[in-house]
Amino acid sequence: MDDTDLLDILGDGAHGYFAGGAGDEITLRANETSWSQVRLAPRVLVDVSERDPSVTLLGKQRPSPIVVAPMAYQKHVCPDGELASARGAARTGSGYVLSSQTTTAPTVVGPEVSDPWFQLYVFRDRQVSLDLVAQARESGYEALVLTVDFPVAGWRERDKRTGFRVEHPVALNLDGPPLTTEELFALHDPSLTWDDIGAFAEAAGMPLLLKGVLRPDDAERAVDAGAAGIIVSNHGGRQLDTVLTGAEALPPIVDAVAGRADVLVDGGIRRGWDVAKALALGADAALVGRPVLWGMARGGEEGAVAVLEQLHAELDSTLALLGVPNARDLDRGALVSQV
Ligand SMILES: Cc1cc2nc3c(=O)[nH]c(=O)nc-3n(C[C@H](O)[C@H](O)[C@H](O)COP(=O)(O)O)c2cc1C
Ligand SMILES: CCCCC(=O)C(=O)O
């Protein structure tokens, strides 16, 4: 996709923050290429006159396996911010995860989309996190996504160069002058361990998913700690550069979890056939991040809808051409080999 316009729309600071990754951005690039290296093996002469993309997540049928990933500070992308992405998700039957680094309150976003999930960061001031959990519970969120790959920020050279500053992230009640991302990231609690997970699971009062898991042993530990789901993710290549990709990490994690929890994946999913590959490798759903932001940058809510509609149309085309009309029937038999 030609994205030369995004720098003009967003400016150097915001563009660097939203598009960028950590270090040399090796993982950022690998996220996309590793999906393209998974090869599909279509079956012919299957009746594909009716296709069904629905999946089951947290025990409930969902119209689509595509979920909008939690992403911070969306008012820097378009004026409606998180309302644009949430409405885009609602209009296309996509799932939605609101970031706890939101620029629109959870209470405002919640009613816009059915069964949204709330992403939580654990801040040094744990009360701030617990207050966010309470807000999410009261405004009808279905699940809590605890992100565990951000004890400290990744080494983000674009932000260091531009000094990008964030306007008032509402959830943190930070009035006062805009803060650099480094100042905001320093609010995270780097001392969080497995011992703390139980307390958040209890406070949640709703199913808990752990986001940012890349190892099967950690996935098993998450299941043992009571997680209802695992999100296999390297944070869009923004944390530790040169870590493995979602496509690489997914199969052994699916095997280790062995159906005891839902498994989702993200990072570099750009096309409907990437979504199909994620499901074929054993994921229950796939999260999409930056493409939704690029739609919003170009056209607000309508732009988010356009991106999500195209992903759904591509998935539908993939189910037909692959000879697997129901997304829930995708398995490794649809693939030549794993990455
Ligand atoms: C600008 C930006 C902000 C993000 N903010 C958050 C966040 O607040 N919480 C979180 O758990 N993940 C966050 N992520 C990571 C995404 O949820 C997701 O893991 C990743 O972007 C998926 O990769 P993709 O952008 O290649 O689709 C952010 C990603 C981006 C690009
Ligand atoms: C303080 C967290 C900021 C959002 C985030 O997760 C990211 O920029 O990747």
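The values are calculated or read from the model by the stated rules, or taken from the named source; none is laboratory data. Predicted model only: the values in this text are computed from it and were never measured. Positions of Cβ are backbone-derived with ideal geometry, glycine not excepted, and every protein chain shown enters the neighbour counts. We work out accessible area using only protein heavy atoms, side chains counted, and drop any ligands, DNA or RNA first. Shrake-Rupley method; radii C 1.70, N 1.55, O 1.52, S 1.80 Å.
Of the residues making up region 181-203, those that are under 16 Å from residue 141 (Cβ atoms) and crowded, with 20+ Cβ neighbours inside 10 Å number 1.
This table checks each residue for (1) surrounded by fewer than 19 Cβ atoms within 10 Å (Cβ to Cβ); (2) closer than 18 Å to residue 62 by Cα.
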site	(1), (2)
300	no, no
315	no, yes
321	yes, no
329	yes, yes
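One residue stands out in region 135-152 among those that are among the charged types (D, E, K, R) and open to solvent by 50 Å² or more (accessible area, probe 1.4 Å): the one that is farthest from ligand 2 (Cβ to nearest atom), namely 138.
Might you check whether a residue that is open to solvent by less than 20 Å² (accessible area, probe 1.4 Å), in a loop (DSSP other than H, G, I, E, B) and within 14 Å of ligand 1 (Cβ to nearest atom) occurs anywhere in region 257-267? Yes, because at least one residue in region 257-267 is open to solvent by less than 20 Å² (accessible area, probe 1.4 Å), in a loop (DSSP other than H, G, I, E, B) and within 14 Å of ligand 1 (Cβ to nearest atom).
Within 19 Å of the chain's Cα centre (by Cα), open to solvent by 60 Å² or more (accessible area, probe 1.4 Å) and more than 16 Å from ligand 2 (Cβ to nearest atom): is that true of residue 221 in this structure? No: the conditions fail for residue 221. Residues that are more than 15 Å from residue 138 (Cα to Cα) and either away from ligand 1 (no atom under 15 Å from the Cβ) or not polar (S, T, N, Q) (or both) within region 95-112 comprise 95, 96, 97, listed in sequence order. Residue check: residue 117 meets all listed conditions (1) out of contact with any Asp or Glu (no Cβ under 7 Å at 6 or more places or on another chain); (2) within 11 Å of ligand 1 (Cβ to nearest atom); (3) not hydroxyl-bearing (Ser, Thr, Tyr) but one, namely (1). If you go through region 172-204 and keep only what is at pLDDT 90 or above and in a loop (DSSP other than H, G, I, E, B), you end up with 189, 190, 191, 192, 193.
Listed by position, the strands (runs of 3 or more DSSP E) inside region 19-91 whose residues that are open to solvent by 10 Å² or more (accessible area, probe 1.4 Å) and at pLDDT below 95 number at least 3 form an empty set.
Rundown of residues vs (1) within 13 Å of ligand 2 (Cβ to nearest atom); (2) modelled with pLDDT of 90 or more; (3) surrounded by fewer than 13 Cβ atoms within 10 Å (Cβ to Cβ); (4) part of a strand (DSSP E or B), yes/no style:
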| position | (1), (2), (3), (4) |
| --- | --- |
| 109 | no, yes, no, no |
| 128 | yes, no, no, no |
| 133 | no, yes, no, no |
| 154 | yes, yes, no, no |
| 159 | yes, yes, no, no |
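Give the residue that is farthest from residue 20 (Cα to Cα), with candidates limited to residues of region 239-256 that are open to solvent by less than 30 Å² (accessible area, probe 1.4 Å) and within 16 Å of ligand 2 (Cβ to nearest atom). Result: 246. If the condition is being in a loop (DSSP other than H, G, I, E, B), closer than 14 Å to residue 34 by Cβ, touching a strand residue (DSSP E or B) at 6+ places or on another chain (Cβ under 9 Å) and within 11 Å of ligand 1 (Cβ to nearest atom), then region 268-297 contributes 269, 270.
Comparison of 270, 260, 290 shows that the only residue that is among the basic types (Lys, Arg) and closer than 28 Å to residue 50 by Cα is 270.
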